[in-house]
Amino acid sequence: MMKLAVLAAAAGSAAAFAPVQQGRTSTAVQAFENELGVIAPTGFFDPLNLSKNISQEKFDEYRTAELKHGRVCMLAVLGYIAPETYRFGYDIAPGVSTYDIPNGVAAIDYIPALGWAQIIFFIGAVDYWGVLGDFDFGKPDLGDKEEERKLQELQHGRLAMLAFLELLRHDSQNLVKPGFDGLDTLITGFPFLYN
(Lines give C-alpha, C1' and ligand atoms only; values in the text may rest on other atoms or scores of the structure.)
Protein backbone atom coordinates (compact mmCIF):
# COMPACT_ATOMS: atom_id res chain seq x y z
CA MET A 1 0.00 0.00 0.00
CA MET A 2 2.82 2.39 0.85
CA LYS A 3 4.49 1.69 -2.51
CA LEU A 4 1.26 2.57 -4.33
CA ALA A 5 0.98 5.87 -2.46
CA VAL A 6 4.60 6.79 -3.25
CA LEU A 7 4.10 5.85 -6.91
CA ALA A 8 0.92 7.99 -7.13
CA ALA A 9 2.68 10.94 -5.51
CA ALA A 10 5.64 10.64 -7.89
CA ALA A 11 3.35 10.47 -10.93
CA GLY A 12 1.39 13.45 -9.71
CA SER A 13 4.46 15.59 -9.14
CA ALA A 14 5.91 14.63 -12.53
CA ALA A 15 2.67 15.62 -14.22
CA ALA A 16 2.86 18.99 -12.53
CA PHE A 17 6.03 19.85 -14.49
CA ALA A 18 4.94 18.40 -17.83
CA PRO A 19 4.35 20.91 -20.61
CA VAL A 20 0.77 22.02 -20.82
CA GLN A 21 -0.94 21.77 -24.18
CA GLN A 22 -2.43 25.13 -25.08
CA GLY A 23 -6.15 24.89 -25.82
CA ARG A 24 -7.49 26.49 -28.94
CA THR A 25 -10.14 29.12 -28.63
CA SER A 26 -13.32 28.38 -30.48
CA THR A 27 -14.16 30.14 -33.70
CA ALA A 28 -17.28 31.55 -32.05
CA VAL A 29 -15.16 33.37 -29.48
CA GLN A 30 -12.81 34.65 -32.16
CA ALA A 31 -15.70 35.80 -34.33
CA PHE A 32 -17.63 37.67 -31.66
CA GLU A 33 -15.07 38.59 -29.00
CA ASN A 34 -15.03 42.24 -30.09
CA GLU A 35 -18.81 42.68 -29.99
CA LEU A 36 -20.50 45.16 -27.69
CA GLY A 37 -21.22 43.53 -24.34
CA VAL A 38 -18.02 41.52 -24.08
CA ILE A 39 -16.51 42.81 -20.86
CA ALA A 40 -14.12 41.66 -18.16
CA PRO A 41 -13.97 39.44 -16.18
CA THR A 42 -16.13 37.00 -18.15
CA GLY A 43 -15.16 38.07 -21.65
CA PHE A 44 -17.30 36.44 -24.29
CA PHE A 45 -19.73 34.38 -22.19
CA ASP A 46 -21.52 31.65 -24.12
CA PRO A 47 -21.72 28.53 -21.92
CA LEU A 48 -24.33 26.83 -24.15
CA ASN A 49 -22.36 27.47 -27.37
CA LEU A 50 -25.32 29.21 -28.98
CA SER A 51 -22.97 31.27 -31.12
CA LYS A 52 -21.04 28.30 -32.46
CA ASN A 53 -21.02 28.28 -36.28
CA ILE A 54 -23.58 31.07 -36.68
CA SER A 55 -23.55 34.05 -39.00
CA GLN A 56 -23.25 37.68 -37.99
CA GLU A 57 -26.95 38.16 -38.84
CA LYS A 58 -27.95 35.37 -36.44
CA PHE A 59 -25.73 36.85 -33.74
CA ASP A 60 -27.37 40.24 -34.27
CA GLU A 61 -30.78 38.55 -33.96
CA TYR A 62 -29.70 36.99 -30.65
CA ARG A 63 -28.41 40.37 -29.44
CA THR A 64 -31.72 42.04 -30.36
CA ALA A 65 -33.57 39.37 -28.39
CA GLU A 66 -31.23 39.92 -25.43
CA LEU A 67 -31.91 43.66 -25.52
CA LYS A 68 -35.67 43.09 -25.77
CA HIS A 69 -35.69 40.65 -22.86
CA GLY A 70 -33.52 43.02 -20.83
CA ARG A 71 -35.91 45.91 -21.42
CA VAL A 72 -38.90 43.77 -20.51
CA CYS A 73 -37.18 42.64 -17.31
CA MET A 74 -36.30 46.22 -16.37
CA LEU A 75 -39.99 47.04 -16.57
CA ALA A 76 -40.90 43.79 -14.82
CA VAL A 77 -38.67 44.60 -11.85
CA LEU A 78 -40.32 48.02 -11.56
CA GLY A 79 -43.74 46.40 -11.95
CA TYR A 80 -42.91 43.89 -9.25
CA ILE A 81 -41.79 46.51 -6.75
CA ALA A 82 -44.19 49.38 -7.56
CA PRO A 83 -47.37 47.68 -6.23
CA GLU A 84 -45.63 47.36 -2.89
CA THR A 85 -45.74 51.13 -2.59
CA TYR A 86 -48.65 52.37 -4.72
CA ARG A 87 -51.83 51.10 -6.42
CA PHE A 88 -53.67 52.91 -9.21
CA GLY A 89 -57.08 51.71 -8.05
CA TYR A 90 -58.83 50.87 -11.31
CA ASP A 91 -60.89 47.76 -12.08
CA ILE A 92 -58.88 45.16 -13.99
CA ALA A 93 -62.17 43.34 -14.60
CA PRO A 94 -65.75 44.22 -13.61
CA GLY A 95 -65.88 44.24 -9.82
CA VAL A 96 -62.16 43.42 -9.34
CA SER A 97 -60.11 46.40 -8.23
CA THR A 98 -56.33 46.44 -8.28
CA TYR A 99 -56.54 47.10 -4.54
CA ASP A 100 -57.97 43.58 -4.09
CA ILE A 101 -55.17 41.78 -5.93
CA PRO A 102 -52.15 40.70 -3.88
CA ASN A 103 -48.59 41.40 -4.99
CA GLY A 104 -46.25 39.11 -6.86
CA VAL A 105 -46.87 35.45 -7.60
CA ALA A 106 -49.97 35.38 -5.40
CA ALA A 107 -51.72 37.61 -7.98
CA ILE A 108 -51.87 34.75 -10.50
CA ASP A 109 -54.83 33.14 -8.76
CA TYR A 110 -56.70 36.43 -8.23
CA ILE A 111 -56.67 37.87 -11.75
CA PRO A 112 -59.85 36.79 -13.61
CA ALA A 113 -59.88 35.48 -17.18
CA LEU A 114 -60.84 38.89 -18.59
CA GLY A 115 -57.83 40.44 -16.87
CA TRP A 116 -55.52 37.80 -18.33
CA ALA A 117 -57.04 38.38 -21.77
CA GLN A 118 -56.24 42.11 -21.51
CA ILE A 119 -52.67 41.42 -20.42
CA ILE A 120 -51.99 38.83 -23.12
CA PHE A 121 -53.60 40.94 -25.87
CA PHE A 122 -51.61 44.03 -24.91
CA ILE A 123 -48.30 42.15 -24.78
CA GLY A 124 -49.07 40.42 -28.08
CA ALA A 125 -50.04 43.68 -29.78
CA VAL A 126 -46.88 45.42 -28.66
CA ASP A 127 -44.70 42.48 -29.64
CA TYR A 128 -46.31 41.68 -32.99
CA TRP A 129 -47.46 45.03 -34.35
CA GLY A 130 -45.16 47.33 -32.41
CA VAL A 131 -48.18 49.29 -31.20
CA LEU A 132 -46.17 51.55 -28.95
CA GLY A 133 -43.96 52.55 -31.88
CA ASP A 134 -40.65 54.34 -32.08
CA PHE A 135 -40.97 57.97 -31.06
CA ASP A 136 -38.52 60.75 -31.76
CA PHE A 137 -39.19 62.72 -28.59
CA GLY A 138 -37.41 61.73 -25.42
CA LYS A 139 -34.31 60.48 -27.20
CA PRO A 140 -31.19 62.23 -25.96
CA ASP A 141 -28.44 63.29 -28.33
CA LEU A 142 -25.65 61.02 -27.12
CA GLY A 143 -22.97 62.13 -29.53
CA ASP A 144 -19.76 60.20 -28.91
CA LYS A 145 -21.19 58.36 -25.86
CA GLU A 146 -23.57 56.20 -27.88
CA GLU A 147 -21.49 53.01 -27.62
CA GLU A 148 -21.03 53.53 -23.87
CA ARG A 149 -24.78 53.99 -23.38
CA LYS A 150 -25.57 50.91 -25.47
CA LEU A 151 -23.21 48.88 -23.29
CA GLN A 152 -24.85 50.29 -20.16
CA GLU A 153 -28.31 49.36 -21.45
CA LEU A 154 -27.12 45.84 -22.22
CA GLN A 155 -25.58 45.46 -18.77
CA HIS A 156 -28.64 46.91 -17.00
CA GLY A 157 -30.83 44.50 -18.94
CA ARG A 158 -28.66 41.55 -17.91
CA LEU A 159 -28.84 42.63 -14.29
CA ALA A 160 -32.61 43.11 -14.53
CA MET A 161 -33.04 39.58 -15.92
CA LEU A 162 -31.21 38.19 -12.88
CA ALA A 163 -33.09 40.50 -10.51
CA PHE A 164 -36.47 39.45 -11.87
CA LEU A 165 -35.60 35.77 -11.55
CA GLU A 166 -34.57 36.35 -7.95
CA LEU A 167 -37.78 38.25 -7.20
CA LEU A 168 -39.79 35.34 -8.60
CA ARG A 169 -37.74 32.80 -6.64
CA HIS A 170 -38.04 34.71 -3.38
CA ASP A 171 -41.74 35.41 -3.79
CA SER A 172 -42.53 31.81 -4.81
CA GLN A 173 -40.67 30.49 -1.79
CA ASN A 174 -42.52 32.96 0.43
CA LEU A 175 -45.83 31.81 -1.11
CA VAL A 176 -45.05 28.17 -0.26
CA LYS A 177 -43.72 28.91 3.22
CA PRO A 178 -44.88 32.36 4.38
CA GLY A 179 -42.31 34.26 6.40
CA PHE A 180 -39.49 31.83 5.58
CA ASP A 181 -37.04 34.69 5.78
CA GLY A 182 -38.59 36.26 8.88
CA LEU A 183 -39.82 39.26 6.91
CA ASP A 184 -43.42 40.27 6.30
CA THR A 185 -42.79 42.48 3.27
CA LEU A 186 -40.75 42.43 0.07
CA ILE A 187 -39.14 45.81 0.66
CA THR A 188 -37.40 46.00 4.02
CA GLY A 189 -35.80 48.98 5.70
CA PHE A 190 -38.60 51.37 4.77
CA PRO A 191 -41.46 50.63 7.19
CA PHE A 192 -43.23 53.89 6.28
CA LEU A 193 -44.07 52.40 2.86
CA TYR A 194 -46.56 50.00 4.43
CA ASN A 195 -48.28 52.39 6.85
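The values are calculated or read from the model by the stated rules, or taken from the named source; none is laboratory data. In this text, all values refer to a predicted model and were calculated from it rather than measured experimentally. Heads up, the Cβs are rebuilt from the backbone with ideal geometry, glycines too, and the neighbour counts pull from every protein chain shown. Side chains included, ligands, DNA and RNA excluded: accessible areas come from the protein's heavy atoms. Shrake-Rupley method; radii C 1.70, N 1.55, O 1.52, S 1.80 Å.
In segment 75-146, which chymotrypsin sites (Phe, Trp or Tyr not before Pro) are in a loop and have at most 15 other Cβ atoms within 10 Å, using DSSP for the loop call? Don't jump to the answer; show the numbers that get you there.
Details: sites: Tyr80, Tyr86, Phe88, Tyr90, Tyr99, Tyr110, Trp116, Phe121, Phe122, Tyr128, Trp129, Phe135, Phe137; in loops: Tyr86, Phe88, Tyr90, Tyr110, Phe135, Phe137.
Passing sites in segment 75-146 are Tyr86, Phe88, Tyr90, Tyr110, Phe135, Phe137.
If you take all other residues with their beta carbon under 13 Å from the beta carbon of Asp127, and give Lys and Arg +1 and Asp and Glu -1, the sum is +2.
For segment 77-195, relative contact order (Cα pairs under 8 Å, six or more residues apart, normalised by length) works out to 34 percent. Our note on the geometry: Cα centres of segment 73-118 and segment 156-189, 17 Å apart.
When a 1.4 Å probe is rolled over the protein heavy atoms, the share of accessible surface on segment 56-195 that falls to carbon and sulfur comes to 64 percent. In the context of the full set of protein chains, residues of segment 129-183 present 80 Å² of accessible surface per residue (probe radius 1.4 Å, heavy atoms only). Annotation: aspartates and glutamates with alpha-carbon distance below 13 angstrom to Lys68 (same-chain offsets under eight excluded): Asp60, Asp127, Glu153.
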